[in-house]
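The values are calculated or read from the model by the stated rules, or taken from the named source; none is laboratory data. Owing to the predicted nature of the structure, the values given are computational and were not obtained by experimental measurement. All Cβ positions, even for glycine, are placed from backbone atoms using ideal geometry, and neighbour counts span all protein chains on display.
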Amino acid sequence: MLALLGFLLFAAGDVPIPQPAAVSKVLDLFYRLRAGTKTSFQLTEAEVNEYLVSALKRQPRPGLDSTQLRFFPKNYVAMFTVVDFEAVERWKPGTIPALLRPVLAGRKTVWIDVRFQVTGSRLTYTVEKAYFGNIWLPAPLVRKMIEVVAARQPEHYDTTKPLPLPFGLRDIRTSDKQLAGNN
């Protein structure tokens with residue numbers, strides 16, 4: 001979920017010039033959306049991931065080192081995110097169960113699959129599955145970690161409630177290797 005929101009989380013961050021074509025494309029989209037221009041868009045998974053790399057360099061995010069998204073049909077997203085588990089535990093002691101603390105310590109890559117829904121310009125999600133290496137992570141644990149990290153972002157996201165889409169977006173959806181939406 002951290003990375004699912006990555007596209008939205010990093011929407012506020014500016015990326016310095018010169019920038020790759022994919023980054024310029026995403027920033028142009030944000031400009032049009034902020035201006036209130038009626039817009040439908042389609043971005044490839046590669047374009048979103050290139051933008052996320054640039055945005056994280058420009059504006060680092062607490063608890064996150066990197067994120068990569070894979071888009072599948074019907075709003076299914078796989079995320080590979082490097083999370084600072086020590087920061088998560090420091091921010092909210094007890095988030096990481098004692099049994100998992102020896103392996104979920106420091107900066108580690110987790111794989112989280114989510115399915116999201118958009119209703120009334122608000123996004124909700126369910127954690128379908130999550131792993132650290134070959135260790136299965138329970139969905140309630142993953143939701144709690146997402147909640148802790150999202151609350152520490154400058155925007156102070158509360159992932160326990162439906163999240164409003166930014167820029168007047170009414171819908172976002174995924175298909176195979178694509179993210180699309182409109183305002």
Residues in segment 142-183 that are assigned to a helix (DSSP H, G or I) and either modelled with pLDDT of 95 or more or under 14 Å from the mean Cα position of the chain (by Cα) (or both): how many? 11
Within segment 146-166, is even one residue surrounded by 15 or more Cβ atoms within 10 Å (Cβ to Cβ), on the phi > 0 side of the Ramachandran plot, among the hydrophobic types (A, V, I, L, M, F, W, C) and in contact with a Lys or Arg (Cβ under 7 Å, 6 or more places away or on another chain)? no
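If a residue must be among the hydroxyl-bearing types (Ser, Thr, Tyr) and closer than 20 Å to LEU99 by Cβ, how many such residues does segment 131-183 contain? Write out each step before concluding.
First pass over segment 131-183, keeping only residues among the hydroxyl-bearing types (Ser, Thr, Tyr): 131, 157, 159-160, 174-175.
If we keep only those that are closer than 20 Å to LEU99 by Cβ too, we end up with 131.
So the answer is 1.
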